[in-house]
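Just below is one structure, and these are the notes that go with it.
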Amino acid sequence: MKLHELSPAPGSTKRRKRVGRGDSSGWGKTAGRGEKGQKSRTGSKIRPFFEGGQIPLFRRLPKRGFKNADRIIYALINLNVIEDHFQAGDVVDEASLREKNLLGKADRQIKVLANGELTKSVTVKAAKFSAAAAAKIAAAGGKAEVVE
C-alpha cells in the first residue's frame, strides 16, 4: 500500500453544502436562513444565552454568597501518604513531594492533616499543620517546621 492509494472509508466524507448559489440548487434565495429577522441578516451575531430581549435567566436569578479573591487554597497531604512514601530521617517538603508526584497544582501551599498514623521520624516542612498532625509528627520523633 502506498500513500497515493489511500482513500477514506466509503460514506465517511460528504461534500460541503454550498448555499446561496441559485434557485435550482435548492439552497438559493434565502439560503436556508428563512425570511426576515435578526438571524437572516448578514453579519448577525447573537451572544450565548440571548433570549430575544427578555430579561435573561442570569439576571432574573438573585445573587448569592461571596467568593473571597484573596483566599488561600491548600494542597492537602495526610500523614498516611508520608508514611507510605518516605523513609525515616527524610525531609518532606514541596520539592520531595513533587518528585514523588504527590502534589497537584503548582501554586498551592501545603497543609498537613492527621489522617493515618506516622511511625517514622521525618522532618516535615509545610505552610500549615493541623494540631493533631503536628502532635503525631512530634510523637513519632520528627519535626514539623512551618515554612512561608
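The values are calculated or read from the model by the stated rules, or taken from the named source; none is laboratory data. On a predicted model such as this, the values are computed, not experimentally measured, just so you know. Neighbour counts run over all protein chains shown; Cβ positions are idealised from the backbone, glycine included.
Structure notes:
- Test for Ile72: is it in a helix (DSSP H, G or I), β-branched (Val, Ile, Thr) and either closer than 30 Å to Gly142 by Cα or in contact (Cβ under 8 Å) with a residue 12 or more places away in the chain (or both): no
- Selection from the range 19-37 of residues that are surrounded by 10 or more Cβ atoms within 10 Å (Cβ to Cβ) and at negative phi: Val19, Arg21, Ser25, Trp27, Gly28, Thr30, Arg33
- Residue list for the range 115-148, filter: in a helix (DSSP H, G or I), over 20 Å from Glu94 (Cβ atoms) and of a type in the set (A, V, I, L, M, F, W, C): Ala131, Ala132, Ala135, Ala138, Ala139
- Against the test of being of a type outside the set (Gly, Ala, Ser), exposed (fewer than 12 other Cβ atoms within 10 Å of the Cβ), outside any strand (DSSP E or B) and at negative phi, the options Ile82, Ile55 yield a single qualifying residue, Ile55.
- Scanning the range 75-96 for residues that are more than 22 Å from Ala139 (Cβ to Cβ) and either under 18 Å from the mean Cα position of the chain (by Cα) or of a type outside the set (D, E, K, R) (or both) yields Ala75, Ala95.
- Only residues that are among the basic types (Lys, Arg), under 37 Å from the mean Cα position of the chain (by Cα) and in a loop (DSSP other than H, G, I, E, B) were counted across the range 18-52, and they come to 2.
- Check on Lys120, closer than 17 Å to Glu148 by Cβ and surrounded by 15 or more Cβ atoms within 10 Å (Cβ to Cβ): no
- Residue among Arg41, Arg47, Arg64, Arg108 that alone is at pLDDT below 95, over 30 Å from Gly20 (Cβ atoms) and surrounded by fewer than 14 Cβ atoms within 10 Å (Cβ to Cβ): Arg64
- Screening the range 99-139 for residues that are among the charged types (D, E, K, R) and under 28 Å from the mean Cα position of the chain (by Cα) and picking the one that is nearest to His85 (Cα to Cα) gives Lys100.
- Candidate set: the range 69-79, residues that are surrounded by fewer than 18 Cβ atoms within 10 Å (Cβ to Cβ) and among the hydrophobic types (A, V, I, L, M, F, W, C); chosen: the one nearest to Ser130 (Cα to Cα): Leu76
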